[in-house]
Amino acid sequence: MPSVETRTSPPPVDHRRDLPASGLRRGIATVCLSGTLEDKLSAAAAAGFDGVEIFENDLIASPLSPSQVRGRCADLGLSIDLYQPFRDFEAVGPELLAANLRRAVHKFDVMEQLGAHTVLVCSSVSPAAVNDDDLAAEQLRTLAALAAERGVRIAYEALAWGRFVSTYEHSWDIVRRADHPALGLCLDSFHVLSRGSDPSGISNIPGAKLFFLQLADAPRLEMDVLQWSRHHRLFPGQGAFDLPAFVGHVLAAGYDGPLSLEVFNDVFRQADPERAAVDAMRSLLALQEGLQVGGPAALTERVRVRDLPPAPELAGHAFTELAVDDVSGPQVARALAALGFMHTGQHRSKPVQLWQEGAARVLLNAAAPSGAGPGGAALCALAVESVDPVASARRAELLLAPVLPRTHGADEAILSAVAAPDGTSVFFCRTGANDATSWLSDFILTDATPGAGAGLTKIDHVALSQPFDHFDEAALFYRAVLGLEPETITEFAAPFGLVRSRAVADPAHEVRIALSVALLRRGEWAPGVPDPQHVAFATDDAIASARAVRALGAPLLQIPGNYYDDLDARLGLPAELLAAMRQYSVLYDRDEHGEFLHFYTEILGSRVFFEVVQRIGGYAGYGAANAPVRMAAQRRLRIARVDGSTAHSEGHESAPVGSVPRSS
């Protein structure tokens, strides 16, 4: 039965046995994760990484000696692939060069104890450096000769903000001039792609000179590149860089080292390191799956992620499930009935109702905790129609999605479910009235037959607010696990601050999930609807559906007249359409591809509401421009309810469900 049990934080899980096989090693820099060095090493090992880059600051702050760190890594099954960073070395005067070489000798001593054989040397940002490539090459050659005596390699990296050397082409020219076997390049995707460099030239660099590869994604931002790098890097697949193409060029050149992550991100460095490490590993698996590398068959086989089934085709939303209680349950049920839904089934063994209109199905689960307090409701699960549910579940597990334990009766369908980053259960299923394996077989049908209702045909999309720390993780989760593609990020000024939204959808747009997050929320004055969630149903005629549901008594959200006056001024819509939209509180948006009409219900059970949408032409958005209007209308309604509850309380009547303090 598709229902959600109580969720608790799972114990740490060692994922190494669960990972799909691959010919590529995977690593992570300790700077990516929060906590002490010991925390970071344990998290990296549990997530299945093969090796780590030891960030110098982490080692300095650790009570473990370098040799003890080496032993800890060995016990955890981790190699130490890189020691970093060594800064501001090259193109300096004789006195400073002598001091830098002395510093290097001490670091080589540390590396010997660590068992690390490659050190990252960043291009200089020092004001003492001079713009002299020949001098830089000469001094790097001296350093490489010293390193070679200790069995160490120098991986020279062009920082995007380097004083004189800031591109990989320039760093390669210097390495080539130095011409020492212990001197090569470290390529960092951020430093290359943030500068707008063409990465195709990497494939012309001899593979033997590519000593190390560091990977990071990032959003496209117009800002100082140093600040961009230090605060806004992301794991692969979470940003805007074309990392599959970048890595493809590196591998085509003959690079044979690990795929290693180096991500500076304020959120990641405050997050649970075990969770962040799993997110990081998932990003590498998804990146590796997306690599398109030409060349010898051996190289193609090396990059292949073996045993990971491709994401099966999805055919739509099978159902959404709401957790309700004895107060919110009847309230949500009345709203569904007023939207034209009918109560078509009752679960055989659990207090779960099936409501249906057209192909849109909603489950009301009175056994699942809503987490919203008495009278609350929450969207606790979504289910997607998969052509191969078993393969979908297997893929999710191999991509480290937490598998949810479930109980079911002897004659009930066996459904697999995993937890999304925000705790929402994601089911993979197949719906068929005559299929004994269908989840519908768990329900005893009522006498009600789904009819035309209010013209709602299916679930168009599900909208979920995300915890701030997990917004990027959620987008990657749905992209990797379900095979959904992320759409363009939008931001809008809501009544309570800036909101960022990003939708993910399958190529046919049969499954759409809209994710949103408040970018900053501080202080005590905040919305009375934390983490709102809603389900959007599709219709072929929004005006007709709005007219029908209003006649059925649906609790529709009222939109102010100023909105329609502005629409008229901006767009000059036909008078008849505008009048109908105004009468039934239908909102409107359009782009170069088509039009979008939609309307909302009031909030039900403190955070959940419904939306009805009509897509005309090729419109694929979500009416984000109208979100601030909707939010303001919802707040006005809450304030009115608070005022009403105050009046009722004077007459010793109970406050309405979902009422909130006026300050919210």
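The values are calculated or read from the model by the stated rules, or taken from the named source; none is laboratory data. Computed from a predicted model, the values in this text were never measured in an experiment. Please note: Cβ atoms are built from the backbone with ideal geometry, for glycine as well, and neighbour counts cover all protein chains shown. All accessible areas refer to the heavy atoms of the entire protein, side chains included, with ligands and DNA or RNA removed. Shrake-Rupley method; radii C 1.70, N 1.55, O 1.52, S 1.80 Å.
Counting only C-alpha contacts under 8 Å and six or more residues apart, can you give the relative contact order of segment 18-139 as a whole percent?
Answer for segment 18-139 is 25 percent.
Specify the angular offset, from 0 to 90 degrees and rounded to the nearest 10, of the alpha carbon long axis of helix 168-178 from the longest principal axis of the alpha carbons in the chain.
Rounded to the nearest ten degrees, it is 20.
Give me the net charge of Leu456's neighbourhood, meaning all other residues with Cβ under 10 Å from the Cβ of Leu456; Lys, Arg count +1, Asp, Glu -1.
Residues near Leu456 contribute -2 overall.
For segment 572-636, what does the relative contact order come out to in percent, with C-alpha contacts under 8 Å and a separation of six or more?
27
What is the Cα centroid distance between segment 343-404 and segment 27-65, reported in whole angstrom?
Distance between centres, Cα-based: 38 Å.
So how tilted is helix 66-76 from the main axis of the chain? Cα-based, degrees 0 to 90, rounded to 10.
50
Give me the 1.4 Å probe accessible area per residue for the chain, excluding ligands and nucleic acids, in Å².
40
Hey, what's the per residue convex hull volume over the C-alpha atoms of segment 271-350, in cubic angstrom?
Considering the Cα atoms of segment 271-350, their hull volume per residue is 238 Å³.
For the chain, what is the percent of antiparallel DSSP beta bridges, rounded to the nearest 5?
Of the beta bridges lying entirely in the chain, close to 55 percent run antiparallel.
Considering only segment 139-247, what is the antiparallel percent among its DSSP beta bridges, to the nearest 5?
Given both bridge residues lie in segment 139-247, the antiparallel proportion sits at roughly 10 percent.
May I ask you to derive the relative contact order of the chain, considering only C-alpha pairs under 8 Å and at least 6 residues apart, and to give it as an integer percent?
Averaging sequence separation for qualifying contacts and normalising by length gives 11 percent for the chain.
What net charge is computed for the residues neighbouring Glu510, neighbours being all others with C-beta under 11 Å from the C-beta of Glu510, Lys and Arg scored +1, Asp and Glu -1?
Once all neighbours under 11 Å are counted, the net charge is -2.
Would you mind telling me the share, in percent, of accessible area of the chain contributed by carbon and sulfur at probe 1.4 angstrom?
53
Determine one quarter of the surface area of the Cα convex hull of segment 138-290, which equals its mean projected area, and express it in nm² to one decimal.
Answer in nm², one decimal: 9.4.
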